[in-house]
Every structure is written in C-alpha cells, then in structure tokens.
Amino acid sequence: MTAPTDPVRTLVEIHDGTAWVPVVPYEELTPGRGVPVLLGTEQIALYRDTAGRLYALDHRDPFSGAYVMARGLLGSRAGVPVVASPMYKQAFDLRTGECLDEEGGPEGAPARLRVWPVRTGTGPA
C-alpha cells in the first residue's frame, strides 16, 4: 500500500527582495483583473491577464497617491500590456511600470510604478 499524497496547488509568489513569498493561489485570480496583496508593509497590485501571465506592481497611484492600482483596467497600447489607473487614467506598462502618458509625476517624481518579480510555484492545497 502507498500512503495518500496531499494535493498540490499552484501558488503565486512575489519576491520581497530576499525570498519568494506565496501570496495567493493562482486559480483564485480572475483573468483580466487585479487584486491588492500585502507583502510585509508593501501594498502590491497583482494581475493575471487573459493569457494567464502574471504582473506585480506598486498598488499606489503616483499621481493621486491613492492605493487603487489593483482596480485599474487591463489592456494594451501598441502591443504593450498596460494597466490604466482608475483615478486619472494614465496607462502604465505592466512589464516595466513606466507611465506611457507622462514622464514625471507630481513634484517632479518619476511617473513609474515599482515592478515586483512574480512567478508561480507549488504548495499544499
């Protein structure tokens, strides 16, 4: 007889600078939508596009200062995957975090979202 094995689940992991941290089961992410996740004290907007690709960027909109980026609309601009801020509608490249509409933000700060390394891993169900 063999012992029963625990089911394995695909998890989304974000790198916090020192280690990969599981944050949510992949299956619980709705394609085409974002969700906010907390990684330590950092608020991150995690997205799964309709092709199943994952992106993780800062959740804070650099123009309004509000933590709303996970509510942004996913799309593309000239073949570039983007998220549009729900506040003032600036489009940000999901791969680089760069704002495609404005070079600088308020007070001359860069108009860019931090990009977090994201991947899938496995863990117990």
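The values are calculated or read from the model by the stated rules, or taken from the named source; none is laboratory data. None of these values were measured; they are calculated from a predicted model. We place every Cβ from the backbone using ideal geometry, glycine too, and count neighbours over all the protein chains shown. Note: accessible area is taken over every heavy atom of the protein model, side chains too, but ligands, DNA and RNA are not part of it. Shrake-Rupley method; radii C 1.70, N 1.55, O 1.52, S 1.80 Å.
Numerical summary
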| item | result |
| --- | --- |
| Of all residues making up the range 87-96, the number that are of a type outside the set (A, V, I, L, M) and within 15 Å of the chain's Cα centre (by Cα) | 4 |
| Given (1) of a type outside the set (D, E, K, R); (2) on the phi > 0 side of the Ramachandran plot; (3) at pLDDT 95 or above, index of the condition Gly40 fails | (3) |
| Residues located in the range 59-75, provided they are more than 12 Å from Gln43 (Cβ to Cβ), among the hydrophobic types (A, V, I, L, M, F, W, C) and modelled with pLDDT of 95 or more | Leu73, Leu74 |
| Qualifying residue in the range 97-119 (condition: open to solvent by less than 30 Å² (accessible area, probe 1.4 Å), within 11 Å of the chain's Cα centre (by Cα), of a type outside the set (A, V, I, L, M, F, W, C) and modelled with pLDDT of 95 or more) | yes |
| So Arg9, is it surrounded by fewer than 18 Cβ atoms within 10 Å (Cβ to Cβ) and assigned to a strand (DSSP E or B) | yes |
| Subset of the range 18-47 [open to solvent by 20 Å² or more (accessible area, probe 1.4 Å) and of a type in the set (Phe, Trp, Tyr)] | Trp20, Tyr26 |
